[in-house]
Amino acid sequence: MEIKNAMAGFGALSQETRLQAVRLLVQAGPEGLAAGDLAQAMTIAPSTLSFHLKDLQRAGLVQAERRGRQIRYRADYVGLRGLLDFLMEDCCQGNAAICGPMRSRLNQQPC
């Protein structure tokens with residue numbers, strides 16, 4: 001991952017509403033959540049949520065899919081894993097005792 005992509009991802013996650021949305025979408029799994037259900041769970045206006053979800057999409061952390069009249073959002077596990085891998089890439093100068101367990105967890109398949 002290039003540093004500018006990592007900056008976009010970390011920038012998107014540096015806002016409380018967006019971080020909360022990503023966490024809820026990760027918990028929801030591959031099916032994700034309808035936009036209305038996500039807004040309700042977060043107790044925010046759908047228009048406010050839409051603004052934040054667009055930023056997360058641009059950063060490659062969230063995907064959207066239209067299903068009839070609904071838009072479902074889900075975590076982009078590839079994008080999220082890329083961001084985590086970027087952080088851990090040169091972890092502890094390769095000292096497996098320190099960062100090995102984390103690297104192993106990052107390499108596991110998502111839910």
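The values are calculated or read from the model by the stated rules, or taken from the named source; none is laboratory data. Just so it is clear, the structure is predicted and the values come from calculations on it, not from any experiment. Glycine gets a Cβ as well: all are built from the backbone with ideal geometry, and neighbour counts include every protein chain shown.
How many of the residues in the range 78-99 are more than 21 Å from ILE3 (Cβ to Cβ) and touching a residue at least 40 places away in the same chain (Cβ under 8 Å)?
The qualifying residues number 0.
Kindly provide the set of residues from the range 70-91 that are modelled with pLDDT under 90 and in a loop (DSSP other than H, G, I, E, B), ordered by number.
Hits for the range 70-91 are GLU89, ASP90.
Hey, can you tell me all the residues within the range 23-49 that are exposed (fewer than 15 other Cβ atoms within 10 Å of the Cβ) and under 24 Å from LYS4 (Cα atoms)?
ARG23
Cβ-Cβ below 7 Å, separation at least six or inter-chain, first residue in the range 13-31 and within 16 Å of ASP55 (Cα to Cα), second of a type in the set (A, V, I, L, M) and assigned to a loop (DSSP other than H, G, I, E, B): which pairs?
Matching pairs, first to second residue: THR17/ILE44; VAL22/LEU61.
Please verify whether ARG66 is farther than 17 Å from MET7 by Cα and either in contact with a Leu (Cβ under 8 Å, 6 or more places away or on another chain) or crowded, with 16+ Cβ neighbours inside 10 Å (or both), treating the condition exactly as stated.
No.
Taking the condition in contact (Cβ under 8 Å) with a residue 60 or more places away in the chain and surrounded by fewer than 16 Cβ atoms within 10 Å (Cβ to Cβ), does PHE10 pass?
When the stated conditions are applied, PHE10 passes them.
Restricting to the range 50-59, what's the tally of residues that are in contact with a Gly (Cβ under 7 Å, 6 or more places away or on another chain) and exposed (fewer than 15 other Cβ atoms within 10 Å of the Cβ)?
Within the range 50-59, residues that are in contact with a Gly (Cβ under 7 Å, 6 or more places away or on another chain) and exposed (fewer than 15 other Cβ atoms within 10 Å of the Cβ) number 0.
Restricting attention to the range 1-37, which residues are touching a helix residue (DSSP H, G or I) at 6+ places or on another chain (Cβ under 9 Å) and of a type in the set (S, T, N, Q)?
ASN5, GLN15, THR17, GLN20
Within the range 19-33, which residues are of a type in the set (A, V, I, L, M), farther than 14 Å from LEU56 by Cα and part of a helix (DSSP H, G or I)?
Hit for the range 19-33 is ALA28, nothing else.
Considering only the range 55-63, I want to know if a residue exists there that is modelled with pLDDT of 95 or more, over 19 Å from ILE3 (Cα atoms) and polar (S, T, N, Q).
Yes - at least one qualifying residue is present in the range 55-63.
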